[in-house]
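As structure tokens, the structure follows; a few thoughts come after it.
The values are calculated or read from the model by the stated rules, or taken from the named source; none is laboratory data. Remember, predicted model here, so these are calculated numbers, not experimental data. Cβ: placed from backbone, ideal geometry, glycine included. Neighbour counts: every protein chain shown.
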Amino acid sequence: MSKKAKWLSFSIIAIMVVVLAGCGSSKEGNTGGNSKASDNGMTITAAGSTFVNPLFSKMFSEYNKLHADIRVNYQSIGSGGGIKQLTEGTIDFAASDAFMTDEDISKVKNGVIHIPVTVGAEAIIYNLDGIDKGLKLTQETLADIFLGKITKWNDAKLKADNADLSLPDLAITPVYRSDGSGTTAIFTDYLSTVNPEWKEKVGQGKSVQFPVGVGGKGNEGVAGQVKQTPGSIGYAELAYAVNNNISYAQVRNKDGNFVSPSLEAATLAAETAAANMPADTRVSIVEKSGEKAYGIVGFTWALLNVEYDDADKKKAIIDLVKWAYRDGQQYSEELLYAKIPEAIAKLNDTNIAKIQ
């Protein structure tokens, strides 16, 4: 081999060594500890309530703009599904519109803290051609529809409360949640509160045996089922009714007034609850008194563990949830959810400080 050839060979080998060394250094710098968190960020996994999903989608998107290294993977699978995953330890936190019982909490290895993040109203949505507003329902007629006792829209009881409407001779198709649902828990809590027969025969819970009707998965599924089924009636968080342009009824309240679900009604419920909030925040707020009160309302709670093994993940979760019930509340009203009152936010501060 000539001197020139030897020199070229040596140069190529030297360049390859430098390149390989650089690649090795880069790979080493991207593994482990803070370097990985800094370069790749952190993903917080959560699951549960479909009731709160429109608000969470907005909140978590805005939070990521402020904290580009933090991403939230939220699965809108229903409160029951979220609680199941929290119990199994496969997510960082859950969201539920039904608070957990002492028995439920005892099954979670690292404990549970309830943090209210919003208050919402449930709309009684319906599909009646030519009647896009003005339908009135009493506590009795609403319960009787879902009990299967009122089966036609021109039933005498419905006509008595809706003399100004031309109700059709059309079968009623109730639509309910087919999955474990906090939205169902609020709705059946309401029906159990206002109707003794419902309380005795069906009861309250995330999953109950509805006497009649068809099921839909998630608030999305119920809204979709009602929208495509003439004569149907169902229940869904108000945002789903508004966003899908679905008609919803006025429901008679405890004071005897017919009231529509609204941001104002949800806000009133939140403020009323704040005055007598238990320390652990587990409380029902359906069917409260007030001229403008609306009966079918409830909290959504972020369900956090009392203990987290990963200190960095724990801090990220606490920072995120604190932001949600404080600064993140600025996005509530545009999506028809009520802001968390300051008294409840302070209670949240106390409870979230217990996380180890």
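Which one of these is outside the structural domain of residue 48 (by TED's automatic domain parsing), in a strand (DSSP E or B) and modelled with pLDDT of 95 or more: 208, 251, 222? Before the answer, list the steps.
Values: 208 fails: in a strand (DSSP E or B); 222 fails: in a strand (DSSP E or B).
Every option except 251 fails the conditions.
I need the strands (runs of 3 or more DSSP E) fully contained in the stretch 87-185, keeping only those with at least 3 residues that are hydrophobic (A, V, I, L, M, F, W, C). Talk me through it step by step, then tell me what you get.
Numbers: elements: 93-96, 113-126, 173-177.
So the answer is 93-96, 113-126.
Could you please find all residues in the stretch 76-86 being assigned to a loop (DSSP other than H, G, I, E, B) and within 8 Å of residue 47 (Cβ to Cβ)?
Step one: filter the stretch 76-86 for residues assigned to a loop (DSSP other than H, G, I, E, B), giving 77-78.
The one that is assigned to a loop (DSSP other than H, G, I, E, B) and within 8 Å of residue 47 (Cβ to Cβ): 77.
Would it be correct to say that residue 336 is under 20 Å from residue 62 (Cβ atoms) and touching a residue at least 24 places away in the same chain (Cβ under 8 Å)?
On the way: under 20 Å from residue 62 (Cβ atoms): yes; touching a residue at least 24 places away in the same chain (Cβ under 8 Å): yes.
Taking the combined requirement at face value, the residue satisfies it.
Of all residues being over 23 Å from residue 334 (Cα atoms) and either of a type in the set (A, V, I, L, M, F, W, C) or modelled with pLDDT under 95 (or both) in the stretch 225-248, which is surrounded by the fewest Cβ atoms within 10 Å (Cβ to Cβ)? Just the residue, please.
233
Can you say whether residue 288 is in a loop (DSSP other than H, G, I, E, B) and crowded, with 16+ Cβ neighbours inside 10 Å, as far as the supplied structure shows?
Values: in a loop (DSSP other than H, G, I, E, B): yes; crowded, with 16+ Cβ neighbours inside 10 Å: yes.
It is true that residue 288 is in a loop (DSSP other than H, G, I, E, B) and crowded, with 16+ Cβ neighbours inside 10 Å.
Considering 344, 317, which residue is over 30 Å from residue 252 (Cβ atoms) and in a helix (DSSP H, G or I)? Reasoning before the result, please.
Values: 344 fails: over 30 Å from residue 252 (Cβ atoms).
Within the list 344, 317, the selection yields 317.
For the stretch 122-152, which positions are surrounded by 16 or more Cβ atoms within 10 Å (Cβ to Cβ) and over 25 Å from residue 181 (Cα atoms)? Full working, then the answer.
To start, the set of residues in the stretch 122-152 that are surrounded by 16 or more Cβ atoms within 10 Å (Cβ to Cβ) comprises 122-128, 131, 135-147, 150.
Scanning the stretch 122-152 gives 128, 131, 135, 136.
Condition (residue is out of contact with any strand residue (DSSP E or B) (no Cβ under 8 Å at 6 or more places or on another chain) and aromatic (Phe, Trp, Tyr)) applied to the stretch 337-344: is it met by at least one residue?
Scanning the stretch 337-344, I find no residue that is out of contact with any strand residue (DSSP E or B) (no Cβ under 8 Å at 6 or more places or on another chain) and aromatic (Phe, Trp, Tyr), so the answer is no.
Which one is nearest to residue 53 (Cα to Cα) among residues in the stretch 186-201 that are surrounded by 19 or more Cβ atoms within 10 Å (Cβ to Cβ) and in contact with a helix residue (DSSP H, G or I) (Cβ under 7 Å, 6 or more places away or on another chain)?
For the stretch 186-201, the residue satisfying everything is 191.
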